[in-house]
Amino acid sequence: MAIKITDECINCGACEPECPNNAIYEGGVEWAIADGTSIKGSFTLMDGTTIDADQRNSPVSVDTYYIVTNKCTECQGFHEEPQCAAVCPVDCCVPDEAYVETVEALMDKKNRLHI
């Protein structure tokens, strides 16, 4: 499952540089699939929607850092554990029960993001 950042986030920013997929954004910042990935052109999101990889999308959160589920691979293929959770001083990077994914699905997502 993807990782989410809870409301306990203190906006320290420790998590953002640790993400190998550039899936973590500061609150209020727009995101794009192309940010930190090798994706060009159209990309199909987890819900089947197709978007342009460079399209700027509305922030998931305005007040705290947030994780783009479509880019989060729980660091599979990069690290033994999610790095955001490993460095978070308040333990607010937790599994997102709304997005349960197998290791195989997370690796497939990683491979699609980093062609």
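The values are calculated or read from the model by the stated rules, or taken from the named source; none is laboratory data. Bear in mind the structure is a predicted one, so any value in this text is a computation, not a measurement. Neighbour counts are summed over all protein chains in view; Cβ atoms, including those assigned to glycine, are modelled from backbone coordinates with ideal geometry.
Can you confirm whether the stretch 16-31 contains a residue that is more than 11 Å from the chain's Cα centre (by Cα), of a type in the set (A, V, I, L, M) and at pLDDT below 95?
For the stretch 16-31, residues more than 11 Å from the chain's Cα centre (by Cα), of a type in the set (A, V, I, L, M) and at pLDDT below 95: absent.
Do we have any residue at all in the stretch 74-85 that's at pLDDT 95 or above, in contact with a strand residue (DSSP E or B) (Cβ under 9 Å, 6 or more places away or on another chain) and under 17 Å from Ile115 (Cβ atoms)?
No, that holds for no residue.
Filter the stretch 75-89 down to the residues that are part of a loop (DSSP other than H, G, I, E, B), in contact with a Cys (Cβ under 7 Å, 6 or more places away or on another chain) and in contact (Cβ under 8 Å) with a residue 24 or more places away in the chain and list them by number.
Here is the first cut: in the stretch 75-89, the ones part of a loop (DSSP other than H, G, I, E, B) are 75-82, 88-89.
From what is left, the residues that are in contact with a Cys (Cβ under 7 Å, 6 or more places away or on another chain) are 81-82, 88-89.
Selection gives Pro82, Cys88, Pro89.
Identify, by number, the condition in (1) within 22 Å of Arg112 (Cα to Cα); (2) in contact (Cβ under 8 Å) with a residue 60 or more places away in the chain that Asp7 doesn't meet.
For Asp7, the failing item is (1).
Contact list please: Cβ distance under 8 Å, first residue in the stretch 16-37 and in contact (Cβ under 8 Å) with a residue 40 or more places away in the chain and within 17 Å of Pro82 (Cα to Cα), second residue among the basic types (Lys, Arg) and assigned to a loop (DSSP other than H, G, I, E, B), pairs at least six apart or on different chains.
Short answer, once both residue conditions are applied: Asn21/Lys71; Asn22/Lys71; Ala23/Lys71.
Return a yes/no flag: does the stretch 97-113 have any residue that is under 17 Å from Tyr25 (Cβ atoms) and over 15 Å from the mean Cα position of the chain (by Cα).
no
Consider the stretch 18-61. How many of its residues are among the charged types (D, E, K, R), closer than 22 Å to Val94 by Cα and surrounded by 13 or more Cβ atoms within 10 Å (Cβ to Cβ)?
Residues flagged as among the charged types (D, E, K, R), closer than 22 Å to Val94 by Cα and surrounded by 13 or more Cβ atoms within 10 Å (Cβ to Cβ) within the stretch 18-61 amount to 2.
Please specify each residue of the stretch 38-62 satisfying the condition of being in contact with a Leu (Cβ under 7 Å, 6 or more places away or on another chain) and not in a loop (DSSP other than H, G, I, E, B).
Result: Ile51, single match.
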